[in-house]
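The values are calculated or read from the model by the stated rules, or taken from the named source; none is laboratory data. Being a predicted model, the structure only gives us computed values, none of them experimental. When we count neighbours, we look across all protein chains shown, and the Cβ atoms used for this are built from the backbone with ideal geometry, even at glycine.
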Amino acid sequence: MNKIILSDWERKKYGDYVNQLRKYPDCFEYCVLPNYEDYMETAQTECIQLGDCFAVLMKHAGHYILVAILFDVEWEVRDVLEWLDRWEIRCMRPTTETLLIQHANGLVEEIKFKDHPLLLIEKGSKTLLLDPEELVDVADVYEQYKKINNTGLAEDITVESD
């Protein structure tokens, strides 16, 4: 069992993140879509690196959606929680029209994966514009590998008060 000690203030700030965080032997997984493996039509995922983490995408109804974010097992739980509080990954539907990126202070990394804009954003209060035609599609250089994610190996993160 993985434990983290949080103050009352931190429990309020990070509580939603902790509830969706799982630890595997080789990584931490933050479930953007809780229990996504139970609801998707396929179990195949695509993991695309953005910054120091990986966006986990699944195809559903003809387009990709972000279902989780993976962090290396070397990260501390607190580092993952702080990252989730400051940064965000968004997967957008394919478009040629200018994207309106709301609630952002800045774009840290922006790419395309199979025509889907994939953005690493610093959370904030601004609205940014982005031309999706300027994004590089990484699907051609993306390396696929097969990995079966056994959710039975996942451990919940336990929160204790300080």
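A few points about this structure:
- In segment 1-40, residue modelled with the highest pLDDT [restricted to those that are surrounded by 12 or more Cβ atoms within 10 Å (Cβ to Cβ) and hydroxyl-bearing (S, T, Y)]: Y30
- The condition of being aliphatic (A, V, I, L, M), outside any loop (DSSP other than H, G, I, E, B) and within 21 Å of V141 (Cβ to Cβ) holds for only one of A55, A104, A68, that being A55.
- Matching residues in segment 121-141 - criterion: being out of contact with any helix residue (DSSP H, G or I) (no Cβ under 7 Å at 6 or more places or on another chain) and acidic (D, E): D131, E133, E134, D137, D140
- Qualifying residue in segment 49-69 (condition: loosely packed, with under 13 Cβ neighbours inside 10 Å and farther than 29 Å from P132 by Cβ): no
- Test: residue in segment 117-133 that is assigned to a strand (DSSP E or B), within 28 Å of E10 (Cα to Cα), at pLDDT below 90 and aliphatic (A, V, I, L, M): no
- For segment 29-52, the set of residues classified as assigned to a strand (DSSP E or B) and over 24 Å from L107 (Cα atoms) is empty.
- Residues that are of a type in the set (D, E, K, R), in a helix (DSSP H, G or I) and under 13 Å from the mean Cα position of the chain (by Cα), drawn from segment 71-101: D85, R86
- Pair list, Cβ under 6 Å, 6 or more apart: segment 69-93 residue within 22 Å of N35 (Cα to Cα), other residue hydroxyl-bearing (S, T, Y) and surrounded by fewer than 19 Cβ atoms within 10 Å (Cβ to Cβ): L81/Y17; L84/Y17
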